[in-house]
Amino acid sequence: MDITHLPSNEHIVVKHVSVGQPLQWLKLGWQDLKRAPADAMFYGAAFVLMGYLLNMYFSYAPEYMITLAALFLLAGPFMAIGLYDISRQLEAFNGGRVRLAHSMAAWRSNMPGFSLFAVLLAVMVFGWFRVSLLMFALFYEGSVPTLDSLVANAFTQENIGFLLAWFGTGFLFAAAVFSLSVCAIPMLLDKEVDTITAMVMSVQAVYHNLLTMLVWAAIIVALTAIGFATQFVGLLLITPLIGLSSWHAYRALITYEH
């Protein structure tokens, strides 16, 4: 299944959707998950593995652990290209058998677009990484506390100030990445458009459906938090569900008209 060219007489239109639409996207994503469980959970297993690797190497260095956990959330949409392709295949083949190999190479369908987006995302993640390390250095002049001690003493004067500042800054980075990517990445997979156009349309989709997208972002964060709270095991189902549902979010928010 090749990428679709965008004819010169066709233009991209952002649609307005209701606040209740995210629940419909989850329903459609769940249906896709049931139609291709093994293929979808292949990606879920990759997220679980990444979670365990983060925990293994950075549990005693929260200045890296927390930042890389944020990277996990920021880079998730880009890593979910294969899941978007699974939903796209199910859509094109009317629920027929999908090809896992095709989804794993889906990024090659628009290599210039995805390559530029990857560079821009890497710049943002690196910027957040540096800001996060700077904040640890400013708040903790001596030794950095372990993750366990940071959580156990979260409400002390020193730690609560740090956590408020860190989460506030992280929210700004995450909001920017979410707005730029929520429709841009599936659009790059679906149509032969350039990265900047896809990102602009994604931001417009968020702007014109601000309350709905706030609900959708909150659902994603809540589900991801559940996945982390289950020692990453829950990510086996949660990350495929989010990725597949995100394809339907794109379909609901963006249309193409002559």
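The values are calculated or read from the model by the stated rules, or taken from the named source; none is laboratory data. From a predicted model like this one, the values you see are computed outputs, not experimental measurements. Don't worry about glycine lacking a Cβ; one is built from the backbone with ideal geometry, like all the others, and counts go over all protein chains shown. Each accessible area value is taken on the protein alone, full model and side chains, heavy atoms only, with ligands, DNA and RNA left out. Shrake-Rupley method; radii C 1.70, N 1.55, O 1.52, S 1.80 Å.
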*Per residue accessible area of the stretch 174-239, 1.4 Å probe, in Å²*: 40
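How many percent of the accessible area of the stretch 180-258 is carbon or sulfur, using a 1.4 Å probe?
Numbers: 2160 of 2940 Å².
Carbon and sulfur together cover 73 percent of it.
Ranking request for peptides 222-228, 185-191, 246-252: highest mean number of other beta-carbon atoms within 10 Å first, then the rest in descending order.
Numbers: 222-228: 16.4, 185-191: 26.0, 246-252: 23.1.
Going by the mean number of other Cβ atoms within 10 Å, highest first, we get 185-191, 246-252, 222-228.
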*Label-to-label distance, nm, for residues given as Glu91 and Val200 (7 Å Cα→Cβ offset)*: 2.3
*Show me 194-207, 102-115 ranked by packing, highest mean number of other Cβ atoms within 10 Å first.*
194-207, 102-115
_Checking the cross-link filter: which lysines have an alpha carbon closer than 21 Å to that of Lys15, excluding same-chain neighbours under 8 positions apart?_
Lys27, Lys191
*Express in Å², to the nearest 10, the accessible area of Val123 obtained by rolling a 1.4 Å probe over the protein heavy atoms while all chains stay in place.*
90
*Is the stretch 206-256 rounded, prolate or oblate when judged by the Cα gyration tensor, a ≥ b ≥ c being the square roots of its eigenvalues, rounded requiring a/c under 1.5 and prolate requiring a/b larger than b/c?*
oblate
*How do the peptides 19-32, 230-243, 171-184 rank, highest first, by the average count of neighbouring beta carbon atoms within 10 Å per residue?*
230-243, 171-184, 19-32
